Amino acid sequence: MPKIELMKLLILVGPLVGGLIGYIISHYFRKHSDKRKLDEASRNAERLIESAKRKGEREKQKIVLAGKEQIYSEKEKIETEVREHRETLAKTENRLNQREANVNKKSDMMVAREKKVAEREKSLDLRADELARQAESVEEDKQEQQRKLQQISGYSREEAKKELFRSLEKEARYDAAVLIKEIKDEATATATKEAKRIITNAIERCAGSHSAETTVSVVQLPDEKLKGKIIGREGKNIRAFEEATGVQLVVDDTPEAVLISAFDPIRREVARVALQELITSSRIVPDRIEAVVVKANVQMEEQILKAGEGATKELGIKNMNKKLVQLLGRLKYRSSYGQNVLNHSIEVAFLTYAMAKQLRIDARFAKRAGLLHDIGKAVDRGVEGTHTEIGVKIAQSFNENPMVLNAIAAHHEDVPATSLISVLVSAADAISGARPGARRESLEGYIKRLEKLEGLSESFDGVDKAFAIKAGREIRVMVENDKVDDAHAMVLASDIAKKIEAEAEYPGKIKVTVIREFRSVEHAR
């Protein structure tokens, strides 16, 4: 082949061969690179899978642990509940067993009681038969005696009846005369008692000037010069004060003190409060006096309401009208024989409540009746009638229970008691008023009573000295050891007690104690 054609052929084929060789080389390298990437990707995938497996194992372990903890907690809770339930069941079982034992015991007691009742009924039946036979025998004896009496006396049955009636008529006339005398005596005694009660009530409500110890308040002055201000020019201030308060001011020679005199304790307290405020401010003029007295009256009404509310709260009494509570508060400034009426009413309420509880009757009404029994004394000085009548009207106006109304009306036996609560209130009122120290007596009368008790005790032979102690509720008698022996001491105590009963007047009872002391003395030299 010529060279030129060979060259042309090479020129034509060369690029093709080169391209083929280049494609083969590039394909080899591309294939090698893809394999390397594939291997790298495979390794990465294996690492990711391994990491995921490890992470999954950790999460699995966490979940398993959490599950175990929850299972353990639930198991512990269930065991606690089961244990408590078992304990409750055990207690219930014990109670049921105890109840069953009590029921069995009661059943046995009932059986025994029924047996006793049956035996008693049988015995009563026998007794009834025996009594019937005895009655028949007595009737026969009676008829036989009547026949014998007729034979002996010679009277027929009708004649004997007439004679008996004549005899009974004479006896009845005599008994009637005795009864009439007793009724007259009782009426006289009742009239005397009622007269004393009316007089006492009048004295209590309208005491005179001799009762200064319960009608005078003392106001201390920081300076003696204030007395001039209180009197004022030409007495204007003191007149204005007395007109505004309704009290009497006593500005005498008592150093640094002014006396307020008034029987009404509320007016007296208003005057005291007003005067103290005037003294504190040192501005004492008629216009200011009126303003201060008005303010003191408002304060007094608040104090009265507060006292009433305190009483109801102390006793646990609810649903009481506010006006009635205020009337109760006024009793704080009312006294009867020196005894504070509000304190007395609270004490009566407690006593009535305690007795009602013991008797198992309605203690709530008993307590309420006890508190309100003297409510009439809150206004009795300005209203006609006794404090019981006034109290009933007040309680009626506030729609109090009929048992409470009767307790108020009957606590001095003015009307019959219609319920047991009324009787209890009357008893509690007597207890509160008669207990030692509740009501005061005059100092002179008190001393005379003690001296008389000591004198009666010392009048017996062998008594050395007698001492009245505990406000006259006990007499201690010292006897001479050589004149009174132990046996004589017992007799002496009885004799002294009897003499005191016969000759002395005293509330309650008096204890007589005879003391015989033996002393043996020797000296060491």
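What the table shows:
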| quantity | calculated |
| --- | --- |
| Positions within segment 252-272 being among the β-branched types (Val, Ile, Thr) and surrounded by fewer than 16 Cβ atoms within 10 Å (Cβ to Cβ), in sequence order | Thr254 |
| From the options Lys332, Lys367, Lys357, residue that is touching a strand residue (DSSP E or B) at 6+ places or on another chain (Cβ under 8 Å) and either charged (D, E, K, R) or free of Cβ contacts under 8 Å to residues at least 40 places away in the same chain (or both) | Lys332 |
| Cβ pairs under 8 Å, 6+ apart, first in segment 311-325 and assigned to a helix (DSSP H, G or I), second surrounded by fewer than 12 Cβ atoms within 10 Å (Cβ to Cβ) and not aromatic (Phe, Trp, Tyr) | Thr312/Lys318 |
| Any hit, segment 516-525, residues being surrounded by 15 or more Cβ atoms within 10 Å (Cβ to Cβ), assigned to a loop (DSSP other than H, G, I, E, B) and modelled with pLDDT under 80 | no |
| Of all residues making up segment 460-495, the number that are over 23 Å from Lys448 (Cβ atoms), of a type in the set (A, V, I, L, M) and touching a residue at least 24 places away in the same chain (Cβ under 8 Å) | 5 |
| Unmet criterion (only one of (1) modelled with pLDDT under 85; (2) crowded, with 18+ Cβ neighbours inside 10 Å; (3) in the same structural domain as Ala430 (by TED's automatic domain parsing)) for Val348 | (1) |
| Qualifying positions in segment 360-377 - of a type in the set (D, E, K, R) and in a loop (DSSP other than H, G, I, E, B) | Arg360, Asp362, Asp374 |
| Residues of segment 483-515 satisfying the condition of being among the basic types (Lys, Arg) and within 19 Å of Lys465 (Cβ to Cβ) | Lys483, Lys499, Lys511 |
| Check on Ile390, more than 13 Å from Leu424 (Cβ to Cβ) and more than 23 Å from the chain's Cα centre (by Cα) | yes |
| Sole exception among (1) within 43 Å of the chain's Cα centre (by Cα); (2) modelled with pLDDT of 85 or more for Phe460, by number | (1) |
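The values are calculated or read from the model by the stated rules, or taken from the named source; none is laboratory data. Just so it is clear, the model here is predicted, and its values are computed rather than measured. All Cβ positions, glycine included, derive from the backbone under ideal geometry; neighbour counts span all protein chains shown.
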